[in-house]
Amino acid sequence: MNNRFFELPKEKQDRFINAALQIFAKNGYKKASTDEIVKAAGISKGLLFHYFGSKQGLYEFVYMYSVKYISMEYSRTVPLFSIDFFSLQRKVEEAKRDIIRNYPYMNLFVTLAFREETEILTLIADSMDQYSTMLSGIYQKADLSCFKTGIDASAVLKMCLFVADGVLNEQFRNDSIDAESYFTEVESYLQLLEENMCW
């Protein structure tokens, strides 16, 4: 990419990034249209190619940018020390809420990227590994002593992730991604799980 992109006003950068995140999340890499992206961003197609060279270059940029931004938000919100599982999960969801405030489609885009079946995966493989390593590092800090005897913590984590993804996907389908309602709904499900799975 052309680093002069970062010389643009931040508002214009974010408009561009948000448009790309939205169109890639809705359509996947293959079906995403650069015409739709520039229309959503309110810029000329020439600028897209000037800064990113191609649709592939743009996808690679927004994925790497997303992983860096998400990692930054998690490191700001999730504590470095060990805390009980559900407190940790709430901190993860707080970080997601804060990300949604600035980049509504970012969490969804990064998750959906794992389903891509194109050559694009080769280009973002290192960033995908960084993202996976970051997440596993977070959950290694979880104190599992709160769980009742016989509860499988990995199964509970999977449920938490399914719930969060489900809420976000439902908002996405309804074209109504909202940070506060996302967090409120996910928190209500986490509370229900905690009440039934912990001492």
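Since every read-out is calculated from the coordinates, none of them should be taken as a lab result. Values in this document were obtained by computation on a predicted structure and should not be read as measured data. For neighbour counting, all protein chains shown are included, and Cβ atoms are generated from backbone atoms with ideal geometry for every residue, glycine included.
Here are some residues: Phe5, Phe49, Phe16. Which one is under 23 Å from Ala95 (Cα atoms) and not charged (D, E, K, R)? Exactly one of Phe5, Phe49, Phe16 is under 23 Å from Ala95 (Cα atoms) and not charged (D, E, K, R), namely Phe16.
Restricted to helices (runs of 4 or more DSSP H) entirely inside the range 40-133, those with at least 1 residues that are among the aromatic types (Phe, Trp, Tyr) and closer than 30 Å to Leu190 by Cβ are 55-77, 85-102, 106-113. Determine whether the range 21-29 contains at least one residue that is touching a helix residue (DSSP H, G or I) at 6+ places or on another chain (Cβ under 8 Å), among the small types (Gly, Ala, Ser) and farther than 21 Å from Asn107 by Cβ. There is no residue in the range 21-29 that is touching a helix residue (DSSP H, G or I) at 6+ places or on another chain (Cβ under 8 Å), among the small types (Gly, Ala, Ser) and farther than 21 Å from Asn107 by Cβ.
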